[in-house]
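**Student:** Quick one: the structure is below, and I'll ask about it shortly.
Every number in this text was worked out from the coordinates using simple rules, so none of it is lab data. Everything numeric here is computed off the predicted structure, so don't read it as measured data. Quick reminder, even Gly has a Cβ in these numbers, built from the backbone with ideal geometry, and neighbours come from all protein chains shown.
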Amino acid sequence: MRFPYTFPPLFHRAVFALAYASPACAADETAFEPVRAELVAEHVALVPGGTSSLGVHLRHAPHWHSYWINPGDSGLPTTLAWSLPAGYTAGEVEWPVPKRFDVGGLHNIGYEGDVLLPVALKVPADAVAGSNAPLAVTVKWLACREECIPGKATLSLELPVAREMPRPDARVAAAFTTARLAQPQASAWSGSAHDGGARIAVRLAGAGLPSMSARLDAFVVQRKVVGNAPPSIRRDGDALLIEAARSEYFTRAPVDLDLVVTTTDGPAPRGWHVRVPYAAGTAPAN
Amino acid sequence: MKSMFLFALSCTVATPLWAKPVVGAPAPAFSVVDSHGRTHTLADYKGRTVVLEWSNPDCPFVRKHYGAGNLQKQQADAAAQGVVWLTINSGAPGKQGHFDAAGANAWIARVGGKANAYLLDPDGRMGHAYDAKTTPHLYVIDGHGVLRYMGGIDSIQSADADDVAKATQYVPLALAELAAGKPVSVPTSEPYGCSVKYGAP
């Protein structure tokens with residue numbers, strides 16, 4: 001047991017680290033920092049053999065944004081590199097629905113304001129109740145308004161390992177609730193992507209397709225497949241047709257296309273994830 | 001339904017507003033004045049390999065590569081092979097990194113730039129012709145005026161200077177392959193960096 005646990009109440013053991021960006025190119029300590037990052041946990045303790053939700057909370061200064069897994073024409077996706085006790089594993093970032101940023105005719109995809117990037121932490125079954133788990137992550141992001149400032153922070157959090165299911169941490173409950181609502185939902189739609197050379201057409205059908213609206217948008221997870229300008233989206237009977245130019249950096253057809261369809265109809269942005277087979281050449285038979 | 005869909009597709013497979021550069025096709029022509037008032041055109045360099053490098057002195061990604069000496073080295077190595085290297089600034093007046101001629105020359109002296117010329121493209125005409133999106137954004141054109149490479153400077157998309165040595169530098173790779181009469185093994189890569197600070201259209 002590396003971190004002997006003595007007796008204070010569980011929540012006192014949750015240490016939150018708030019870190020500020022260190023712009024790579026600014027020596028001045030008072031330099032403006034467009035993003036603040038914080039590592040948070042949904043519950044006040046970990047359970048042996050359980051999965052716990054962590055989150056990297058990014059707070060952007062007004063007018064600044066950071067990037068989605070596919071950043072678009074410029075920018076860089078935010079990356080997390082974890083340093084965890086033996087046996088612990090962190091999953092991939094569970095990217096919330098992104099937003100489009102069009103700056104100077106270029107198309108970017110990312111986040112502004114407050115955003116929580118959730119990550120699932122698997123706790124080993126042999127984690128010792130009563131011990132503490134020191135968790136650390138190095139976060140790198142690129143913040144841009146029109147100009148860009150790269151940021152990096154190493155964030156840490158120490159959580160106790162508890163015997164029974166711990167309670168949620170009230171301080172971050174709202175942020176996790178918001179993050180959950182902003183997760184693209186798995187859709188049961190069927191569909192296909194057809195590469196016509198200059199343009200790629202995705203046809204989606206099935207129950208629960210969003211109604212046609214100017215507030216619909218679609219983003220492709222894979223890079224170098226479609227161009228980053230807003231796609232054209234329209235209804236074709238019961239199907240939703242999404243068309244975009246093929247990327248000028250297209251080199252290889254993916255087996256499947258991962259698409260996030262989003263809408264800003266409603267109180268908060270929502271989205272759906274759909275994976276469709278990708279085929280070159282002919283249009284689909286209906 | 002099938003015919004409707006085909007119709008929809010055929011309607012959208014249209015010629016784009018302006019032809020975008022395509023690897024393997026002739027590179028877009030240009031005529032741009034450099035920081036010494038000289039005009040450069042692609043035709044001037046017929047018979048020579050040309051590298052185009054989009055730049056913005058205040059972009060952290062440009063600083064990464066100049067700070068590490070990476071671009072100066074690539075420029076010097078290219079010059080030693082008789083390759084023409086043109087750096088282009090398409091930043092509009094009032095935007096971050098925009099240069100007038102004196103500003104550009106002072107910057108070149110400060111960073112030890114080894115390009116043949118620094119082209120000033122404040123109206124973004126050359127940048128748009130090449131669909132330059134990021135700084136840096138690199139293009140290699142062969143002696144026949146055919147585009148052979150377009151994309152990022154290297155294989156590791158980051159703002160960390162520590163990554164430069166670990167990354168594959170795509171322009172030197174393309175230049176070596178062209179010089180050896182081989183096909184360019186990486187003809188495109190996704191560019192990364194800051195957006196080019198174009199003015200309003």
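**Student:** Residue by residue through A:243-250, how many Cβ atoms from other chains fall within 10 Å of the Cβ on average? Numbers along the way, then the final one.
**Tutor:** Details: counts 4, 1, 3, 0, 2, 11, 9, 1.
The shielding value for this peptide is 4.
**Student:** With charges set only on the Cβ (+1 for Lys and Arg, -1 for Asp and Glu), what does the dipole of the range A:10-181 come to about its Cα centre, in debye to the nearest 20? Write out the running numbers ahead of the final one.
**Tutor:** Details: 13 positive and 17 negative charges, 81 e Å.
That gives a dipole near 380 debye.
**Student:** For chain B, modelled as a GNM with alpha-carbon contacts under 10 angstrom, which of B:Thr168, B:Thr135, B:Thr49 fluctuates the most?
**Tutor:** In this elastic network of chain B, the residue with the biggest mean-square fluctuation among B:Thr168, B:Thr135, B:Thr49 is B:Thr168.
**Student:** How large is Rg/Rh for the range A:134-231, to two decimals, with Cα atoms and a Kirkwood Rh? Spell out each step's value before the answer.
**Tutor:** Values: Rg = 20.3 Å, Rh = 18.8 Å.
Expressed as Rg/Rh, it is 1.08.
**Student:** A follow-up question, please. Just going by the charge dipole of the range B:82-193, with Lys and Arg at +1 and Asp and Glu at -1 on Cβ, which of B:Ser158, B:Asn116, B:Ile141 is farthest out on the positive end?
**Tutor:** Checking the options against the dipole of the range B:82-193, the answer is B:Asn116.
**Student:** Based solely on C-alpha atoms, express the radius of gyration and the Dmax of the range A:10-181 in angstrom.
**Tutor:** 16.8, 55
**Student:** Just rank B:Val22, B:Val83, fewest to most, by other beta-carbon atoms within 10 angstrom.
**Tutor:** Numbers: B:Val22 14, B:Val83 22.
Sorted ascending by nearby Cβ count, the order is B:Val22, B:Val83.
**Student:** If the only charges are +1 at each Lys and Arg Cβ and -1 at each Asp and Glu Cβ, what is the size of the charge dipole of the range B:143-199 around the Cα centre, to the nearest 20 debye? The partial results should precede the final answer.
**Tutor:** Values: 4 positive and 6 negative charges, 55 e Å.
That gives the range B:143-199 a dipole magnitude of about 260 debye.
**Student:** So for the protein assembly as shown, what are the equivalent ellipsoid semi-axes in whole Å, largest first, each being the square root of 5 times an eigenvalue of the Cα gyration tensor? Mind dumping the intermediate values first?
**Tutor:** Numbers: eigenvalues 353, 192, 74 Å².
Listed largest to smallest, the semi-axes of the protein assembly as shown are 42, 31, 19 Å.
**Student:** Taking θ = phi - 60°, what integer Hz values does the Karplus form 6.51 cos²θ - 1.76 cosθ + 1.60 yield along the range A:201-218, in sequence order, with x for Gly and Pro?
**Tutor:** With the stated coefficients, the range A:201-218 comes to 10, 10, 10, 10, 9, x, 6, x, 5, x, 6, 5, 7, 5, 8, 7, 8, 8 Hz.
**Student:** Starting at the first residue of the range A:263-276, write each ³J(HN,Hα) from the Karplus equation 6.51 cos²θ - 1.76 cosθ + 1.60 with θ = phi - 60°, in whole Hz, x for Gly and Pro.
**Tutor:** 9, 9, 5, x, x, 9, x, 10, x, 10, 9, 9, 10, 10
**Student:** Can you find, among A:Ser187, A:Gly208, A:Ala175, the residue sitting farthest towards the positive end of the charge dipole of the range A:161-219, where Lys and Arg contribute +1 and Asp and Glu -1 at Cβ?
**Tutor:** A:Ala175
**Student:** Using only DSSP helix segments of four residues or longer, with each worth -39500 (n - 2.57), what per-residue ellipticity at 222 nm results for the protein assembly as shown after dividing by its residue count and rounding to 500? Spell out each step's value before the answer.
**Tutor:** On the way: 8 runs with 69 residues, N = 487.
Computed mean residue ellipticity for the protein assembly as shown: -4000 deg cm²/dmol.
**Student:** Once phi is turned into θ = phi - 60°, what whole-Hz ³J(HN,Hα) does the Karplus curve with 6.51, -1.76 and 1.60 give for every residue of the range B:113-119, x standing for Gly and Pro?
**Tutor:** Couplings: x, 10, 5, 5, 7, 10, 8 Hz.
**Student:** Highest GNM mean-square fluctuation, chain A, Cα pairs closer than 10 Å: which of A:Leu106, A:Leu157, A:Leu117?
**Tutor:** Between A:Leu106, A:Leu157, A:Leu117, it is A:Leu106 that shows the largest mean-square fluctuation.
**Student:** How many partner chain Cβ atoms sit within 10 Å of a residue's Cβ in peptide A:143-153, on average, as a whole number? Walk me through the numbers before you get to the answer.
**Tutor:** Numbers: counts 0, 3, 1, 5, 10, 11, 3, 8, 1, 2, 0.
Going residue by residue through A:143-153 and averaging, the value is 4.
**Student:** Compare B:Val140, B:Val50, B:Val32 in a GNM of chain B, Cα atoms joined below 10 Å, and give the one with the largest fluctuation.
**Tutor:** Maximum fluctuation in the GNM of chain B, among the listed residues, is at B:Val32.
**Student:** Which shape class applies to the range B:21-195: rounded if a/c is under 1.5, otherwise prolate when a/b exceeds b/c and oblate if not, where a ≥ b ≥ c are the square roots of the Cα gyration tensor eigenvalues? All intermediate terms of the calculation are to be shown ahead of the outcome.
**Tutor:** Numbers: a/c = 1.45, a/b = 1.11, b/c = 1.31.
Cα axes put the range B:21-195 in the rounded bin.
**Student:** A further question follows. If we count every other residue with Cβ under 10 angstrom of A:Ile69's Cβ, Lys/Arg +1 and Asp/Glu -1, where does the sum land? Don't skip to the answer; put the middle values down first.
**Tutor:** Numbers: positive: A:Arg223; negative: A:Glu92, A:Asp258.
Taking every Cβ under 10 Å from that of A:Ile69, the sum is -1.
**Student:** How big is the charge dipole of the protein assembly as shown about its Cα centre, in debye rounded to the nearest 20, if each Lys and Arg gets +1 on its Cβ and each Asp and Glu gets -1 on its Cβ?
**Tutor:** Details: 42 positive and 42 negative charges, 93 e Å.
Here the protein assembly as shown has a charge dipole of around 440 debye.
**Student:** Given the options B:Phe99, B:Leu42, A:Ala279, identify the residue whose Cα lies farthest towards the positive end of the charge dipole of the protein assembly as shown (+1 on Cβ of Lys, Arg; -1 on Cβ of Asp, Glu).
**Tutor:** Working it through, the farthest residue towards the positive pole turns out to be A:Ala279.
**Student:** Ok, one more. Dividing the alpha-carbon radius of gyration of the range A:185-280 by 2.2 N^0.38 Å (N being the number of residues), what value is obtained?
**Tutor:** Numbers: Rg = 12.6 Å, N = 96, 2.2 N^0.38 = 12.5 Å.
Dividing the Cα radius of gyration by 2.2 N^0.38 Å gives 1.01.
**Student:** Moving to a separate point now. Expressed as a whole number of Å, what is the distance separating the alpha-carbon centroids of the range B:77-150 and the range B:162-201?
**Tutor:** Centre-to-centre distance over Cα atoms comes out at 13 Å.
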